[in-house]
Every structure is written in C-alpha cells, then in structure tokens.
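Undergrad: First, the structure itself, so that you have it in front of you.
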Amino acid sequence: SVVATASNDCTARIFLPDTGECQATLTGHFGNVYSAVFAANWRRVVTASEDRTARMWDAESAECLQILAGHRGEVYSAVFSPCGRVIVTASEDSTVRLWEAASGACSWCFTEHEGEVYLA
C-alpha cells in the first residue's frame with residue numbers, strides 16, 4: 001500500500017508507509033497543494049491546488065496526465081468517481097465541476113452554492 005500527501009511546498013508525494021520511502025514527487029503546481037487522492041485502482045492520483053487547477057498524475061511515473069483548468073479560485077479538493085472516469089473538484093469560486101478524466105474536459109459546473117465549496 002502507499003500514501004499520498006499534499007504540501008505547501010507546491011508538491012504532492014507518494015510514500016511507502018512501511019518504510020517511509022518516497023516513491024514519487026508530483027511537481028508542477030504553482031501554489032499550495034491542498035489534497036492528493038488516489039483513484040480506486042491506485043494507478044492515478046488527483047491533486048487540488050491554490051493555483052486554481054487540479055491535476056491528474058500517473059502514480060508510478062509521476063507524469064502529469066491532465067491539467068484541469070477553469071476554476072476562478074483556489075481548488076480545495078479533487079476526487080475520482082468510484083469508476084475513475086470522472087473527477088470532481090470543489091473551489092473557492094463557489095462551484096463544483098465534473099471533469100472527464102480521459103480528456104480533461106469539464107463536463108458540468110454546479111453553481112448553486114453562494115460561498116466557497118471545500119469538499120465534493
């Protein structure tokens with residue numbers, strides 16, 4: 001098993017909990033990283049950042065596979081749907097967005113909140 005962490009050093013990291021060894025460092029965000037969450041198959045990680053983006057990563061190679069850009073505020077959380085085909089983000093801009101993991105396209109934007117959305 002592995003653990004993903006998010007940090008104010010603009011990175012997320014993947015660790016082996018048994019040894020504490022860092023398996024991968026996910027670099028590319030330009031602000032604090034608020035969350036790092038694995039897909040159900042453990043092959044992908046999605047991160048949410050102060051830089052107004054979420055990013056999807058290959059957990060083994062640490063390659064950034066998609067940059068999910070479109071929020072007008074910090075992205076506080078990002079999670080995969082159970083099937084892994086959709087990513088859900090929550091933002092300071094009062095929206096929740098659904099993104100197609102395969103293409104990075106925003107497929108839906110929920111705008112009914114009147115304040116910041118911290119978790120979806």
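Undergrad: Among (i) 14.0; (ii) 20.8; (iii) 16.6, which is the computed Kirkwood radius over Cα pairs in Å?
TA: Of the labelled values, this structure produces (i).
Undergrad: Right, another one. What's the longest uninterrupted piece of the chain once you rule out the GluC sites (Glu not before Pro) that are loop residues per DSSP with at most 15 other Cβ within 10 Å?
TA: The answer is 64-111.
Undergrad: Let me ask you something else. Could you size up the charge dipole of segment 48-120 around its Cα centre, putting +1 on the beta carbon of Lys and Arg and -1 on that of Asp and Glu, and report it in debye to the nearest 20?
TA: 220
Undergrad: List, in order, the whole-Hz ³J(HN,Hα) value for each residue of segment 75-90 obtained from phi through the Karplus relation with A = 6.51, B = -1.76, C = 1.60 and θ = phi - 60°; use x for Gly and Pro.
TA: Ordered by residue, 3J(HN,Hα) equals 9, 7, 8, 8, 9, 8, 5, x, 7, x, 8, 10, 10, 10, 10, 10 Hz.
Undergrad: Less than 11 Å Cβ to Cβ from residue 31, Lys/Arg counted +1 and Asp/Glu -1: what total charge do the surrounding residues give?
TA: Numbers: positive: 52; negative: 9, 50, 51, 74.
So the environment of residue 31 carries a net charge of -3.
Undergrad: Follow-up question, since we're still on this one. Could you work out how much longer the chain between residue 111 and residue 23 gets when fully extended? Use 0.36 nm per residue separation minus the Cα distance between them, nm to one decimal.
TA: Value of the extension gain: 27.9 nm.
Undergrad: Could you please state how large a percent of the accessible area of the chain is carbon and sulfur, counting protein chains only and using a 1.4 Å probe?
TA: Carbon with sulfur: 50 percent of the solvent-accessible area.
Undergrad: Near the amide H of residue 49, under 5 Å away, which other amide H atoms are found, from residues 5 or more places off or on another chain, if H is placed in the peptide plane?
TA: 34, 75
Undergrad: Within the chain, what's the longest run with no trypsin sites (Lys or Arg not before Pro) in a DSSP loop and at most 14 other beta-carbon atoms within 10 Å? Give the range, please. Walk me through the numbers on the way to the answer.
TA: On the way: sites that count: 43, 72, 85.
My reading of the result: 1-42 is the longest stretch.
Undergrad: Among the chymotrypsin sites (Phe, Trp or Tyr not before Pro) within segment 1-95, which fall in a DSSP loop and have no more than 10 other Cβ atoms within 10 Å of their own Cβ?
TA: Answer by residue number: 30.
The values are calculated or read from the model by the stated rules, or taken from the named source; none is laboratory data. The structure presented is a predicted model; accordingly, all values stated were derived computationally and were not measured. Heads up, the Cβs are rebuilt from the backbone with ideal geometry, glycines too, and the neighbour counts pull from every protein chain shown. These accessible areas exclude ligands, DNA and RNA; they are computed on the full protein's heavy atoms, side chains included. Shrake-Rupley method; radii C 1.70, N 1.55, O 1.52, S 1.80 Å.
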